[in-house]
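Below is one structure; the comments refer to it alone.
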Amino acid sequence: MFRDPIRIGSPGRLRVQFLDSEEDPIEASNVSVDLFGPGADPFLDPPTITGLTPTYLGNGIFELIFNGSSPEGLWTDRWNGQILGTSTIAQAHFTVVGHGGGTYYPING
């Protein structure tokens, strides 16, 4: 899944759609999101940011607006929820990039 990079200090959209075994949208409930910073293992390490609540958009789609946070690099977003009474996890990745900066050229007078 391609996602646009998120700049530190700027909002970005993270979306997932829960699908059944036939790849059809399925409704999930009690959805929360944990974020893991660069280098963190979502299976072994504690989340960098935990317990975020996404917005339900319909058709199994959830969205989280995340204000880019340090450090830069590849982050993992883990979506936790319930489908038909069973716990489920969806996982994806996104990149956080720096503030950027201007290029300055000296003015010769």
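The values are calculated or read from the model by the stated rules, or taken from the named source; none is laboratory data. These numbers were taken from a predicted model, which means no experiment stands behind them. Every residue, glycine as well, gets a Cβ built from its backbone with ideal geometry; the counts of neighbours run over all protein chains shown. Surface areas here come from the heavy atoms of the whole protein model, side chains and all, with no ligands, DNA or RNA. Shrake-Rupley method; radii C 1.70, N 1.55, O 1.52, S 1.80 Å.
Table for the structure above
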{"read-out": "Where Thr95 falls short, out of the listed (1) without any contact (Cβ under 8 Å) to a residue 60 or more places away in the chain; (2) on the phi < 0 side of the Ramachandran plot; (3) part of a strand (DSSP E or B)", "value": "(1)"}
{"read-out": "Inter-residue pairs, beta-carbon under 9 Å, first open to solvent by 50 Å² or more (accessible area, probe 1.4 Å) and in the stretch 9-34, second charged (D, E, K, R) and at pLDDT below 95, 6+ apart", "value": "Arg13/Arg3; Arg13/Asp4; Arg15/Arg3"}
{"read-out": "Residue identified as among the hydrophobic types (A, V, I, L, M, F, W, C) and touching a Ser or Thr at 6+ places or on another chain (Cβ under 9 Å) among Phe43, Phe94, Phe66", "value": "Phe94"}
{"read-out": "Among the candidates Ser32, Ser69, residue that is at pLDDT below 95, closer than 22 Å to Arg3 by Cα and of a type in the set (Ser, Thr, Tyr)", "value": "Ser69"}
{"read-out": "Within the stretch 53-66, tally of residues that are open to solvent by 50 Å² or more (accessible area, probe 1.4 Å) and free of Cβ contacts under 8 Å to residues at least 24 places away in the same chain", "value": "2"}
{"read-out": "Counted residues, the stretch 75-92 - those being surrounded by 12 or more Cβ atoms within 10 Å (Cβ to Cβ) and either in contact with an Asp or Glu (Cβ under 8 Å, 6 or more places away or on another chain) or on the phi > 0 side of the Ramachandran plot (or both)", "value": "6"}
{"read-out": "So Glu72, is it open to solvent by 70 Å² or more (accessible area, probe 1.4 Å) and more than 18 Å from Val96 (Cβ to Cβ)", "value": "no"}
